[in-house]
Amino acid sequence: MKPKITVWSVVSFLLKVILMVIFIFPFYWMIITGFKTYQESIAFPPSFWPAQLQWENFVKVWESGPYLLYMFNSFAVSIGCLVLQFLIMVPASYAFAKMEFKGRGFFFGLVMVAFMVPQQVTFISIFHMMSRANLLKTLWPQILPHAANAFGIFLLRQNFMQIPDELLESARLDNANEFQILTSVMLPMGKPTLVSILMLSFITTWNNYFWPFIMASSQNVYPLTLGIDALRDVEGSFDWQIIMAGNVILVVPIIIVYAIFHKRIVRAFAYSGIK
Amino acid sequence: MAEIRFEEITKKFGDKVILDHINLDIEDGSFTVMIGPSGCGKTTLLRIIAGIGPQTSGKVFLDGEDISGLPPAKRNVAMVFQNYAIYPTMTVKENIEFGLKNNKVPKDERERLIGEISEIVGIHELLDRKPGTLSGGQRQRIALARAMVKKPKVFLMDEPLSNLDAKLRVSMRTELIELHNRLKTTFVYVTHDQTEAMSMGTRIILMNKGVIQQEATPSVIYQDPDNLFTAQFIGSPQMNVLPFPDEKVRYGFRPEKVHLTNEPGQYFYTRKGHIVTKEMLGSETIYQVRYEGNSVMIKSLEDSFEQDHDVYIGVKKPNILLFDEDERRIRPDDARYEQWMSKL
Ligand SMILES: Nc1ncnc2c1ncn2[C@@H]1O[C@H](COP(=O)(O)OP(=O)(O)O)[C@@H](O)[C@H]1O
Ligand SMILES: [Mg+2]
């Protein structure tokens, strides 16, 4: 049977195309600009494909500062956050979902508050704490404040709550202790959600500009985002092709992560009832 | 040996009393069936034995040892949950093996046990499958295998057949009886289905609203009920119960204990009635008969009586049961028995 072409299906298709163009075009523009010469990047009318691919833009970015270090910092911060978040989020979600204890509602309320208060409200006092702890010359101020992922705790708790209590009771009858219940029963069932939370968290941390901008007090602890930002000042004027080449370097890891996990990310949102 | 004793077991959820001072002995090696309407506390009682839903007060003994404070795994009991509670991310084999591993059973011993049990339960070819791909009957068998492999002293089963279709339910009933005969372990089996209770149980515990109504063998429960609730809960259609005119005392007789005749017969209790409905069920026929403002159900092997015709009903004296104003049985050895019987 042929699918029927109705007015609505045409409109719906056109809308999707328009949405895609709106989201993809800036991305496309960033990439092709990163491959242009300076002349071409400011030429009018603009070209939609570089006359010649200028790979040396990327070399220039790489040589204009300690980009290997920036990249290392970005990875160290992102992965450090992931590890700490995992270690805190999993037992916290388990406790909030499945254990009876005094003040459970109150503490979960605190988590929700932490989820709703923006960083812009807390960064001054956190900066102060980090400075008093003498940590400003290290990566810790970029990692520690993000160790507890309130949104992640919320999502994973929702997921754990859907697991029937009988499974845990059955495991208790099978002589499993709480740690085994968590690792053998709960975690495998929460895995899709957990993976998505950690991927989202990786992307957020990797892309974060505001937080390191406040907390990174020397070039030694700059992540890539600050490094790319510094490209603006190199020549005094805006070398768009260099800045865009830097941005391309910045987003490549994100694209890889997303390409691998996008199905999981979408599914986690569907599970949690947000989508 | 595995005999269970409850002493003054009470369970409350908040202020709500679910089990009220239960005293009970479950015999070693018995197939004890707990039956009662939904919400009467059957699951709650099982969970108290298993240790996963502790009692509010009172004690549980297993073979004379007070196990009230023991964690579930130390009690030597296995439970088959109503929803089976199979670990969905593990294969069938891993499901069965989980408890053994946690109990530090060596690998070759585990393999031997799993092989033996899956042969008995008939799930050999399923061992590498994930539970998500299995049917209700197969899951039920896995839950059973998982319980059996631990060689527990007591099997606790919470309505294990209620999620199966009618045909499978009947065949699993036979299999469970065979299993019990073979293992000779104590079974505590919860159901709300009286056919299951009567056909499987060596003993039946009938509960209502957190109180044990009667504990006896199936035939005693059927023929010699202690009270009105028991008399009416067991039997289908349920026992006909009629009041003595202007009195609180009632009498009852089972539909299958009534004889239908065209002429008045020689019975202790004889009435003339009118057949209102007739339901032919194959080997037997259910008649609804009206007389003196009462309506009774009668189950008969005789199909020859017609709807809208008059008929005589007759019941023998031992088949008439009396219940006092508190709904308790008045038995033949009771002083009041003859006095009430003479009024019929
Ligand atoms: N965790 C709980 N919290 C509050 N009430 C409960 C809980 N579990 C069971 N109940 C109540 O206890 C009563 C008995 O439940 P249950 O033992 O499951 O009955 P059943 O005989 O159907 O198995 C029901 O009224 C039920 O609502
Ligand atoms: Mg129940």
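The values are calculated or read from the model by the stated rules, or taken from the named source; none is laboratory data. These figures come from a predicted structure and were not determined experimentally. Positions of Cβ are generated from backbone atoms using ideal geometry, with glycine treated the same way; all protein chains shown enter the neighbour counts.
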TODO: For the range A:183-201, enumerate the residues that are within 11 Å of another protein chain (Cβ to nearest Cβ) and farther than 22 Å from B:PRO131 by Cα.
DONE: none
Open item on the list: Suppose we filter B:MET148, B:MET157 for residues that are within 24 Å of B:LYS42 (Cα to Cα), modelled with pLDDT of 95 or more and of a type outside the set (Asp, Glu); which single one remains?
Closed with: B:MET157
- [ ] Residues being touching a Ser or Thr at 6+ places or on another chain (Cβ under 9 Å) and more than 15 Å from ligand 1 (Cβ to nearest atom): count how many of those fall in the range B:33-66.
- [x] 6
TODO: Give B:SER219, B:SER162 a once-over and let me know the one that is among the hydroxyl-bearing types (Ser, Thr, Tyr) and either within 16 Å of ligand 2 (Cβ to nearest atom) or assigned by TED's automatic domain parsing to the domain that holds B:ILE320 (or both).
DONE: B:SER162
- [ ] Search the range B:33-47 for residues being among the β-branched types (Val, Ile, Thr) and surrounded by fewer than 23 Cβ atoms within 10 Å (Cβ to Cβ), and hand back the single one that is nearest to ligand 2 (Cβ to nearest atom).
- [x] B:THR43
- [ ] Tell me, please, whether a residue that is more than 16 Å from ligand 2 (Cβ to nearest atom) and under 25 Å from B:THR195 (Cα atoms) can be found in the range B:58-76.
- [x] no
Task: Residue count for the range B:277-313, restricted to those that are under 18 Å from B:VAL241 (Cβ atoms) and surrounded by fewer than 18 Cβ atoms within 10 Å (Cβ to Cβ) - done: 7
Open item on the list: Please list, ordered by residue number, the helices (runs of 4 or more DSSP H) wholly in the range A:1-93 having 3 or more residues that are outside the structural domain of A:PRO223 (by TED's automatic domain parsing) and among the hydroxyl-bearing types (Ser, Thr, Tyr).
Closed with: A:7-34
- [ ] Please specify each residue of the range B:161-182 satisfying the condition of being buried (at least 19 other Cβ atoms within 10 Å of the Cβ) and either within 13 Å of chain A (Cβ to nearest Cβ) or in a helix (DSSP H, G or I) (or both).
- [x] B:MET172, B:LEU176, B:HIS180
Task: Residues satisfying the stated conditions in the range B:1-15, i.e. of a type outside the set (Phe, Trp, Tyr) and within 16 Å of ligand 2 (Cβ to nearest atom) - done: B:LYS11
Open item on the list: If A:VAL11 satisfies all but one of (1) among the hydrophobic types (A, V, I, L, M, F, W, C); (2) surrounded by 13 or more Cβ atoms within 10 Å (Cβ to Cβ); (3) at pLDDT 90 or above, what's the number of the condition it fails?
Closed with: (2)
Task: Residues of the range B:7-32 that turn out to be within 11 Å of ligand 1 (Cβ to nearest atom) and among the aromatic types (Phe, Trp, Tyr), as a count - done: 1
- [ ] Go through (1) crowded, with 19+ Cβ neighbours inside 10 Å; (2) away from chain A (no Cβ under 13 Å); (3) among the polar types (S, T, N, Q) and name the single condition B:THR133 misses.
- [x] (1)
Task: Of the criteria (1) surrounded by 14 or more Cβ atoms within 10 Å (Cβ to Cβ); (2) farther than 30 Å from A:ILE197 by Cα; (3) free of Cβ contacts under 8 Å to residues at least 24 places away in the same chain, which one A:PHE72 fails - done: (2)
Open item on the list: Criterion first (farther than 19 Å from B:GLN213 by Cβ and of a type outside the set (S, T, N, Q)) does B:GLY53 satisfy it?
Closed with: yes
Task: Number of the condition not met by B:VAL92 [criteria: (1) surrounded by fewer than 22 Cβ atoms within 10 Å (Cβ to Cβ); (2) hydrophobic (A, V, I, L, M, F, W, C); (3) over 30 Å from B:PHE6 (Cβ atoms)] - done: (1)
Open item on the list: For the condition of a type outside the set (Gly, Ala, Ser), within 23 Å of B:GLN223 (Cβ to Cβ) and not in a strand (DSSP E or B), what is the one hit in B:ASP308, B:ASP326?
Closed with: B:ASP326
Open item on the list: Need the failing condition index for B:LYS151 against (1) within 14 Å of another protein chain (Cβ to nearest Cβ); (2) farther than 30 Å from B:LEU126 by Cα, just the number.
Closed with: (2)
Task: Criterion violated by A:PHE101 - all others in (1) assigned to a helix (DSSP H, G or I); (2) away from every other protein chain (no Cβ under 14 Å) satisfied - done: (1)
- [ ] Scan the strands (runs of 3 or more DSSP E) fully inside the range B:19-114 and keep the ones with 3 or more residues being more than 10 Å from chain A (Cβ to nearest Cβ) and touching a helix residue (DSSP H, G or I) at 6+ places or on another chain (Cβ under 6 Å).
- [x] B:31-35
TODO: Test each condition in (1) within 32 Å of the chain's Cα centre (by Cα); (2) not in a strand (DSSP E or B) for B:GLN266 and report the one that comes out false.
DONE: (1)
Task: helices (runs of 4 or more DSSP H) within the range A:105-182 that include 3 or more residues free of Cβ contacts under 8 Å to residues at least 40 places away in the same chain, within 14 Å of chain B (Cβ to nearest Cβ) and among the aliphatic types (A, V, I, L, M) - done: A:165-173
Task: Members of the range B:254-303 found to be out of contact with any Leu (no Cβ under 9 Å at 6 or more places or on another chain), hydroxyl-bearing (Ser, Thr, Tyr) and over 15 Å from B:PRO237 (Cβ atoms), listed by number - done: B:THR261, B:TYR267, B:THR270, B:TYR291
